[in-house]
1. Could you calculate the contour length gain from residue 56 to residue 4, that is, 0.36 nm times the residue separation minus the distance between their Cα atoms, to one decimal place in nm?
2. Peptides 33-42, 47-56, 66-75, 19-28: what's the order by average Cβ count within 10 Å, highest mean first?
3. State the Kirkwood hydrodynamic radius of the chain in Å, one decimal place, computed from all pairs of distinct Cα atoms.
4. Rounded to the nearest 500, what is the chain's calculated 222 nm mean residue ellipticity when only DSSP H runs of at least 4 contribute -39500 (n - 2.57) each, over all residues?
5. Please tell me the relative contact order of the chain in percent, rounded to the nearest whole number, where contacts are Cα pairs under 8 Å and at least six residues apart.
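Throughout, read-outs are computed from the coordinates displayed, never taken from laboratory work. What you see is a predicted model; the values in this text were computed from it and never measured. Every residue, glycine as well, gets a Cβ built from its backbone with ideal geometry; the counts of neighbours run over all protein chains shown.
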C-alpha cells in the first residue's frame, strides 16, 4: 500500500476516503497479532514520515492535476 503517496494529498480528500471507509459494513475476521522480527521492527518504527499534505491543484492545470491523481491512485508504484 503506497501510504507515502496518501500523505501528499489534499486534507479534504483524505477525510473523504476516511468518511467512505467508515460507511462500509465491517467484516468479522480474527487474526493473530502481528510481530516483526529484526530488522523489520526497526524499519517500521523509523521510516514512516509525517504527511506533507498539499492542496489539490486546479483541474485546469492538467499536468499538475494529472500528477495529483497518479499520486492518489498509487500509479507510480
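1. Working: separation 52, 0.36 × 52 = 18.72 nm, distance 1.64 nm.
Length gained between residue 56 and residue 4: 17.1 nm.
2. 66-75, 47-56, 33-42, 19-28
3. Numbers: mean 1/r = 0.0661 Å⁻¹.
It works out to 15.1 Å.
4. Dividing the helical sum by the residues of the chain leaves -13000 deg cm²/dmol.
5. Working: 46 pairs, mean separation 42.2, N = 77.
Across the chain, relative contact order equals 55 percent.
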